[in-house]
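Take a look at the structure set out below.
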Amino acid sequence: MPSVLRAADAGVVCEACGGEAPYVFDARGYPMFRCGRCRYTFTVPPREDLATIYDDGYFSGGDDGSAYPDYLAEGALLRKRGARYGRLLNRYTTPGRILDVGAAAGFILQGYLDSGWSGTGVEVNGSMAAHARERLGLDVRTGALESLGFTERFDVVSFIQVAAHFIDPKAALGRAAELTVPGGWWLFETWNSESLAARAFGRNWHAYSPPSAVRALSPHALDAFVAPFGFKPIAYGTPRKVIDARHAKFALSTLSRTSLLARAARALAGLVPDRTRIPYPAVDVFWALYRRR
Ligand SMILES: [Zn+2]
């Protein structure tokens, strides 16, 4: 990719926040660039067709670090994950209509339904979408978000483990914005390039897996991506455990008032803004909830 490397020498602009993103390393033969401001790490999107990248091999036995060894076998776990996200949404709004982007075989959507939502999925892989329709009885349509027609607007658009795969994030988000009601919500789950695990593994982090996973986001990068569409951050967390600095300070406040260690920890925590996300070590995924203003 010599032309891309020449562009890097001249300075690539971060498409999320506008910061400078120099070349950092090659991943699977693709040059990766990292924004110095928001740590968004990305490569130039491949020209391959989506249906080629997400062929059946991607969902079964692919050696791609971001692929699934056996997606269908994870159905029960994924359904629970969808239900957890449904309950998360229920803390902020009443259940309505949801559009699940990258719905695969429909398990996450099934979980949303378990928690009171109704909805539709879109999936580029025809076999996965057929599984959702024929085996689970769900409304999952085959195709890309950008090219499918819809006659309705949705209360929530859900992007669970899909943002890393966007070929053109602005086009995908623009289409999602058209399909979201005023005051509607976007829910993301994606790998976190700011996490301790991402930093520890460096170029060997599994999420750097072009041509499928072409971008590793961070909460800061995602905030910057959705802002032009009128979406403001409401909440962040990790799929396993939500913790922010305010939560951490509260936990510390319950410790002994006289313990020197607790006092030192409280003093240090006091320097961290409340909205700072504190990921647990080894957790390299985050979720983020946005609302349209
Ligand atoms: Zn940036």
Seminar exercise, completed: Residue-normalised value, i.e. accessible area per residue, for the range 164-233 at 1.4 Å probe, in Å², stands at 32 Å²
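If you wrap a convex hull around the alpha carbons of the range 83-191, what volume per residue comes out, as a whole number of Å³?
Values: hull volume 10.4 nm³, N = 109.
Hull volume normalised by residue count: 96 Å³.
Just by accessible area at a 1.4 angstrom probe, what is the order of 206, 220, 165 from largest to smallest?
Details: 206 75, 220 95, 165 20 Å².
So the residues, ranked largest to smallest area, are 220, 206, 165.
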For this session: Can you send over the carbon and sulfur percentage of the accessible area for the range 109-168, probe radius 1.4 Å, protein chains only?
Result: 46 percent
Exercise. Over the Cα atoms of the range 156-206, what Rg and Dmax result, in angstrom?
Worked result: 13.8, 41
Problem set entry | Inter-centroid distance (Cα atoms) of the range 112-133 relative to the range 147-172, Å | 13 Å
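The values are calculated or read from the model by the stated rules, or taken from the named source; none is laboratory data. Fair warning: this is a prediction, and the values are worked out from it, not measured in the lab. SASA here: full protein model, heavy atoms, side chains in, ligands and nucleic acids out. Shrake-Rupley method; radii C 1.70, N 1.55, O 1.52, S 1.80 Å.
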